[in-house]
Amino acid sequence: MGSGEPDITGHPREKDIENECQTSSTLVVDTEQESQSPKESFVEQGQVVIGGEHESQSPTVSSVDKSQVVIDSDHDSETPSVSSVDKSQEEIDGEDCQTPRVSNVSKFEMDVAAEQECQNPNAISAGVSVVVKSEDDVYVIPKVGMEFESEDDAYKCYSRYAVLEGFSIRKDFVNKSRVNGAVVSRRYTCYRQGYRPTKYTSNVRKSRQETRTGCLAHMTIARQPNGKFHVTHFETKHNHEFVTPSTAHKLPSQKRLKFAQAVEADSTSHSGMDGVPKLGMGFDSEDHAYEFYNTYAGRVGFSVRKDYVNRSKIDGAVASRRFTCFREGFRQKDKRDMNVKRPRKETRIGCLAQLVISRQPDGKYRVTHFEEKHNHELVAACRVRMLRSQKRLAAAQAVDGNFVDGSKIEPKSACELQYKMIGDCEYIGYDPIDYKSKLPSRRMRELREGEAERMQQYFQSKQLKNPSFFYAIQLDADDQIANVFWADAKMVVDYSDFGDVVCFDTTCRLYRDCRPFATFIGMNHHKQMVIFGAALLYDETVESFKWLFQTFMEAMSGKKPKTILTDEDATITEAIDLILPGTPHRMCVWHVYQNALKQLNHMFVGSGSFINDLSSCFFEHEEEEDFINGWKAMLDVYGLWENEWLHEIFECREKWAVVYGRHNFCADLKSALLRENFTATLKKYLKSDSDVLPFFKHLGKVVNEWHYKELEANFDMSQHMPRLMGDVIMLKQARDIYTPKIFELFQLEYETCLNIVVNQCTESESLFEYKVSIYGQPREYTVTFNSTDETVACNCMKFEFMGVLCSHALKVLDYRNIKLLPTKYILKRWTKDARV
């Protein structure tokens, strides 16, 4: 507004101003023409909209009580004198309007928007309504004597007025004619009128919130001889506060008003063309509404659950129905859950996203409420097919190219990101045949006729499809293929994320007539097996293994593992010492166990318990004393003291037994190897007399199945939360950070720590040493705590071996009132963000 315009301040309601208007009951002011009236009067509880695009000049505008003066001007607005506006909003949208004064208009309909010129010296104050008109809505201020064409018009008028004021209305009593049943009189009241009867609420378990406060505000209408309805009584005083503008949309009458407007808009437009639900949208049946919402959910990334349904008591047809997000509400506690060993994961987290439909008189179902916002992350497009409600809608997608990190990156972008991580396709143009590292002798095993050509063709085709595919060939003294190594882009990415522990698996050598296949295997953050690379070794000399480990390091950009596990083989050990000096190298306990099964297969006949006792000796003991006692007991029970192989393997027990290698991080890889014998699944295709191409294809299929399992685990992780044993801050923290598999392990350790007692504590400056034990057990563990940096260490060395704090360390942290898990004891490789 112009700088010359005075401030607008509030005044009490004014009475009659100077002159009265003595013309018709409707005053139409054309703002495109020049409107001249000697005096401009007070407009009570009204809204004046002045529309135009030119300069607005009003010498005097008197007080407007509870009004909205809309002023939205593109040009200068000059108003020498404007009197107070109470509870109003000013906005001039004005053309040239020159009105010295307009007389008092009480209960008068004033429509400011037309193309007429109206010049009225005076307008009589009569029993007429005041229409307040904006671009979108028309609000009419009810008055005693106001006339309506129908009962419905009266209801709409009072409803709009109530919304403007900040309250809701309800239809109260109705008096109908005994002759024809027509409405004679009707009363509309404030929604807080009267009081709720108490006789119906005495036996209700969950009482409803009290809304009625005995408010007396109401409007009564009565039919006149001319068939129209007049306002006979209008009470404006309320005994409660009005709602704020920010919460006015929650009023029942406001919802009904918006719904009616939405239905009208839906009938005149093509809503739903964009696939997004809208208020008032119509459907022929509830099934059509469900399919529409489910299709929308598939595009957005959530699953739909059918919630409550309200059926008609007359014909049983669906009267209303609510469809919700599948994470709506919370799971109710069940006493039976206390005895469940493996409880179901938590899926519901109180999401409020929903769609409510209701049947209308015309038989259509219309959207009466739509909540779009979710309180959780939505599912990425490539994993929508895994949602329960989307399974029958989504087509199967290929696993290749999909991402596994849970981020919202399209498959193509995910692949590009993977390629960038391994060096932006630096392998393009390299020579896969290594002429510099030729074997000094002829290879030990022969290839089938034509097999070398088929292998090269296969690798070349893979690299043509994906330039990041890496393969290398070592030749023997006769320039024949001796050894082959390959790794695709996904394997290289897996190694960059989980290459801290590598198992070099050569189990195929245990089988007769088996192709010389070897793999580099690891474990991901879901405790699932991943493959880092594969090789076919037709020569098993030290030079061949040296070349293989060197090539593996080149493919992985020189990143060395923290620990490497191999079979018992002197040539492999020598090659590792030369190529990976300083890398902790241990014999894989799983490989030793596989050798034991082969050497002692005669013991399985007639003894069902031998394999269990053998497995217990290899995998279950965590203390040296327990391991030695268990080994001796097995030899005694089964008479194996004279077995040379067992004697030899026991002599080198420090190289493979779990109890001697707990200072080396192994990520509990043995558990994955026990669950999934990789070589056994390929045994059918590893026969040396079979063609190599079916082997390559089956290997690719197995690797893709592993990738898909990780996709499923990522999806399951994003949709379900593990159950907590109690409301514990540290457990909540761990659940948010760890993957479900690792959290289960952590929660078991925490549960055990509740039964641990602190027996002794010695202090030496900032170093504290605690002796702890499980209640009722004699064995003690020593836990040291440094108060300077809050580091904790236990002699069981579970964290060093596994990467998860043990129950003994957790007990000391709790004893020191440390309620959150220190970040230094959270390994990224076990977290949900391991691939970020």
**Report entry** Sum of side-chain charges, residue 544 neighbourhood, beta-carbon under 10 Å (Lys, Arg +1; Asp, Glu -1)
**Finding:** -2
Query raised in the report: Once a ≥ b ≥ c are taken as the square roots of the eigenvalues of the Cα gyration tensor of the range 637-759, is the result rounded (a/c under 1.5), prolate (a/b larger than b/c) or oblate (a/b not larger than b/c)?
Result: oblate
Report summary line: Too long for a 18 Å Cα-Cα cut-off, among 438/546; 436/562; 373/732, are 436/562; 373/732
Query raised in the report: Along the Cα-to-Cβ line of residue 634, 7 Å from the Cα, sits a label point; which residues in the range 494-524 have backbone N less than 16 Å from it?
Result: none
**Report entry** For the range 456-521 and the range 275-298, distance of Cα centres in Å
**Finding:** 51
Report task. May I ask you to evaluate 6.51 cos²θ - 1.76 cosθ + 1.60, the Karplus curve with θ = phi - 60°, for each residue of the range 444-456 and list the ³J(HN,Hα) values in order in whole Hz, giving x for glycine and proline? Result -> 7, 10, 9, 9, 5, 4, x, 5, 4, 5, 5, 4, 5
**Report entry** Where labels lie 7 Å past Cα in the beta-carbon direction, separation of residue 308 and residue 242 in nm
**Finding:** 3.1
Report summary line: Spelling it out for residue 240: with amide H atoms placed in the peptide plane at 1.01 Å from N, the residues 5 or more places away or on another chain with amide H under 5 Å from its amide H are none
**Report entry** Under 5 Å, built H, 5+ apart or other chain: amide partners of residue 795
**Finding:** 782
**Report entry** Rounded to whole Hz, the Karplus (6.51, -1.76, 1.60) HN-Hα couplings of the range 168-182, x for glycine and proline
**Finding:** 10, 10, 9, 7, 9, 5, 9, 10, 10, 6, 6, 7, 10, x, 6
Requested in this report: Work out, step by step, the length gained on full extension between residue 683 and residue 648: first 0.36 nm times the residue separation, then minus their alpha carbon distance; give nm to one decimal.
Outcome: 9.7 nm
Query raised in the report: Given a 1.4 Å probe and the protein chains all in place, what does the accessible area of residue 818 round to, in Å² to the nearest 10?
Result: 20
Requested in this report: Rounded to the nearest Å, what's the spacing between the alpha carbon centres of the range 227-241 and the range 775-826? Just the number, please.
Outcome: 73
Query raised in the report: Lysine pairs, Cα distance under 21 Å, 8 or more residues apart or cross-chain: how many in the range 596-704?
Result: 15
Report task. On the protein heavy atoms, probe 1.4 angstrom, tell me the percent of accessible surface of the range 746-800 carried by carbon and sulfur. Result -> 46
**Report entry** For residue 779, solvent-accessible area (1.4 Å; no DNA, RNA or ligand), Å²
**Finding:** 80
Report task. With a cut-off of at most 12 other beta carbons within 10 Å, and DSSP calling the residue loop, which chymotrypsin sites (Phe, Trp or Tyr not before Pro) in the range 271-312 qualify? Please list them. Result -> none
Query raised in the report: Tell me, what ³J(HN,Hα) does each residue in the range 543-551 have, in order and in whole Hz, if you take phi through Karplus 6.51 cos²θ - 1.76 cosθ + 1.60 with θ = phi - 60° and put x for Gly and Pro?
Result: 4, 5, 5, 4, 4, 5, 5, 5, 5
Requested in this report: Rounded to whole Å and ordered largest first, report the semi-axes of the equivalent ellipsoid of the range 587-650 derived from its Cα gyration tensor (root of 5λ).
Outcome: 17, 14, 12
**Report entry** the range 550-693 shape via C-alpha gyration tensor axes, a/c threshold 1.5
**Finding:** oblate
Query - Amide H within-cut-off set for residue 281, under 5 Å, with H built and near neighbours excluded - result: 367
**Report entry** Accessible area per residue, Å², the range 698-836 with all protein chains present, probe 1.4 Å
**Finding:** 48
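The values are calculated or read from the model by the stated rules, or taken from the named source; none is laboratory data. These numbers were taken from a predicted model, which means no experiment stands behind them. No Cβ is skipped: glycine too gets one built from the backbone with ideal geometry, and neighbour counts run over all protein chains shown. To get the accessible areas, we keep the full protein, side chains included, count just its heavy atoms, and leave off ligands, DNA and RNA. Shrake-Rupley method; radii C 1.70, N 1.55, O 1.52, S 1.80 Å.
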